[in-house]
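Novice: Starting off with a structure, shown below.
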Amino acid sequence: MKEIAIVGGGPAGALCGERLASQGFHVTIFDERLAWEKPCGGGLTHKAIQAYPFLLDGPQPKKIVRTAELISGCGRRARLEMSHPIVIYARKVLNGLLLDRAVAAGCTAVRSRVTSVNTDDPQVRLMAGGEERRSDFVVLAAGARNQLLPETTALGAMDLEMTLGYFVPTEEDIIKVKFLTEFEGYLWSFPRADHLSVGICAKMGQNPTQQLRRHLDQFVQEEKISMEGARFYSHVLPSPEAQTIRGRRIAGKNWAMVGDAAACVDPLTGEGLYYALRSGDLLAQALMEGQPQAYPERLRAAFSADLEFAAKIARRIFRGNFLGGAITTRMVQVLSHSPAFRDLIGEVFSGSQDYRSLKSRLWDQLGVTFVQFARSFLAPRAIIATPRQPRREPSP
């Protein structure tokens, strides 16, 4: 198994190709656009930088962000100072970086659209640009809605989310995330090297596009973001349900899916880059060892079981109530008054805290969080006494 075709030149496909080519595989990456701008995303969390340090060390333009502000539906705010920064790229820059590394390792990059894939024969047959190509194995890294193989199905509406937003030519140094009441999604403002990405995401079909646009425009006004020169965008991204993460078929005898195609996205935060890179890496390792059939289980052990847990609690987090208020509102309130809880959520936000062990950590530090919250929230305010005026005696 030496000839590998990769359909899609995004982060998952490019890193998979780089790893394989560096070990002597003959790899061809097919993508009709190659490096291109993706409207949302670009954020690399601590676990991504730990696994792939070149993403922090290279000279490509990027934004290193250490502060995040969470905003509740009623306008309460809490700031997080992250010990592990988030590194944010423009997606065209990041995709170009990863593709350049793949080509340098020996991949052939072909700017062409793959229109069909046939895995029935001993060799895989692909149609790209009207020409038939053959390979021993095909990697599908063409996004969440590709339908190139009859053995697989594209992600359905329940496993997708709609995003709307603006590219704003301005600079900022803080990430902002706003939650809305009874709303499965959030608004964001992500600073990139030379612009701001401002947007909203929500489960597909749950909210009319016009309503999302109104929420987005109101957020822009509230945050006083100048819209001069702004460009509008919209995009569809994976937001998989738990049963999809567990049950989706992502590999066969001579094919496998990585990245968005394999639903490798955090259903709570929408983070996809780390999981895209890691899925491409894990598949490459399995192919190098001659064990492609081991890829799905390795993916589950690495992170998909954690994503499944996140999918199970996502709706409760976004739509649930606690002590008479929205969970997201209560979370922002506690963040404002408890340094211990603030540190914990900062680790979740920066990607250094997984979901499955989060519950036990919350219970372990519940007492500390409650005491800090009570001391801060219930501390007596300073009373400013008004001097009593001396009583004036009546004139004789």
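The values are calculated or read from the model by the stated rules, or taken from the named source; none is laboratory data. Computed from a prediction, not measured in an experiment: that's the story for all the values here. Note that we place each Cβ from the backbone using ideal geometry, even for glycine, and neighbour counts take in every protein chain shown.
Novice: Determine whether Val168 is out of contact with any helix residue (DSSP H, G or I) (no Cβ under 7 Å at 6 or more places or on another chain), more than 24 Å from Ala12 (Cα to Cα) and crowded, with 20+ Cβ neighbours inside 10 Å. Can you show your working first?
Specialist: Numbers: out of contact with any helix residue (DSSP H, G or I) (no Cβ under 7 Å at 6 or more places or on another chain): yes; more than 24 Å from Ala12 (Cα to Cα): yes; crowded, with 20+ Cβ neighbours inside 10 Å: yes.
The answer is yes for Val168.
Novice: Now for a separate question. Counting only residues that are farther than 27 Å from Gln123 by Cα and of a type in the set (Gly, Ala, Ser), which one in segment 248-275 is surrounded by the fewest Cβ atoms within 10 Å (Cβ to Cβ)?
Specialist: Residue satisfying both the conditions and the ranking: Gly270.
Novice: Any residue in segment 174-200 that's over 17 Å from Asn321 (Cα atoms): show its pairings with residues that are modelled with pLDDT under 90 and among the hydrophobic types (A, V, I, L, M, F, W, C) at Cβ separation under 6 Å, as long as the two are six or more apart or on different chains.
Specialist: Here the result reads Arg192/Ala90; Gly199/Cys40, each pair linking segment 174-200 to a residue that is modelled with pLDDT under 90 and among the hydrophobic types (A, V, I, L, M, F, W, C).
Novice: Residue under question is Lys224, and the condition is that it be touching a residue at least 40 places away in the same chain (Cβ under 8 Å) and not acidic (Asp, Glu); does it hold? I'd like the intermediate steps shown before the answer.
Specialist: Numbers: touching a residue at least 40 places away in the same chain (Cβ under 8 Å): no; not acidic (Asp, Glu): yes.
In short, no.
Novice: Can you say whether Leu335 is buried (at least 17 other Cβ atoms within 10 Å of the Cβ), assigned by TED's automatic domain parsing to the domain that holds Lys203 and part of a helix (DSSP H, G or I), as far as the supplied structure shows?
Specialist: For Leu335, the condition - buried (at least 17 other Cβ atoms within 10 Å of the Cβ), assigned by TED's automatic domain parsing to the domain that holds Lys203 and part of a helix (DSSP H, G or I) - is not met.
Novice: Can you tell me which of (1) within 22 Å of Lys38 (Cβ to Cβ); (2) assigned to a loop (DSSP other than H, G, I, E, B) is the one Glu161 doesn't meet?
Specialist: Failing condition for Glu161: (2).
Novice: Here's another thing I want to ask about it. Would you mind finding the one in Thr386, Thr329 that is among the β-branched types (Val, Ile, Thr) and modelled with pLDDT of 55 or more? Explain how you work it out, then say what you get.
Specialist: Working: Thr386 fails: modelled with pLDDT of 55 or more.
Of Thr386, Thr329, the one residue that is among the β-branched types (Val, Ile, Thr) and modelled with pLDDT of 55 or more is Thr329.
Novice: Name the residue, out of Glu3, Glu32, that is surrounded by fewer than 18 Cβ atoms within 10 Å (Cβ to Cβ) and touching a His at 6+ places or on another chain (Cβ under 6 Å).
Specialist: Details: Glu32 fails: touching a His at 6+ places or on another chain (Cβ under 6 Å).
Answer to the selection: Glu3.
Novice: Give the number of residues within segment 26-74 that are without any contact (Cβ under 8 Å) to a residue 12 or more places away in the chain and farther than 18 Å from Tyr275 by Cα.
Specialist: The number of residues fulfilling the criteria is 2.
Novice: Kindly indicate whether Leu282 is within 16 Å of Arg19 (Cβ to Cβ) and among the hydrophobic types (A, V, I, L, M, F, W, C). Spell out how you get there, then give the answer.
Specialist: On the way: within 16 Å of Arg19 (Cβ to Cβ): yes; among the hydrophobic types (A, V, I, L, M, F, W, C): yes.
For Leu282, the condition - within 16 Å of Arg19 (Cβ to Cβ) and among the hydrophobic types (A, V, I, L, M, F, W, C) - is met.
Listed here are the residues, each with its yes/no results for (1) surrounded by 14 or more Cβ atoms within 10 Å (Cβ to Cβ); (2) out of contact with any Lys or Arg (no Cβ under 9 Å at 6 or more places or on another chain).
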position	(1), (2)
Leu80	yes, no
Leu94	yes, no
Arg111	no, no
Thr115	no, yes
Arg125	yes, no
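Novice: Using beta carbons and a limit of 8 Å, which pairs, at least six apart or on different chains, have the first residue in segment 95-106 and assigned by TED's automatic domain parsing to the domain that holds Thr28 and the second one among the aromatic types (Phe, Trp, Tyr) and assigned to a helix (DSSP H, G or I)?
Specialist: Arg101/Phe54
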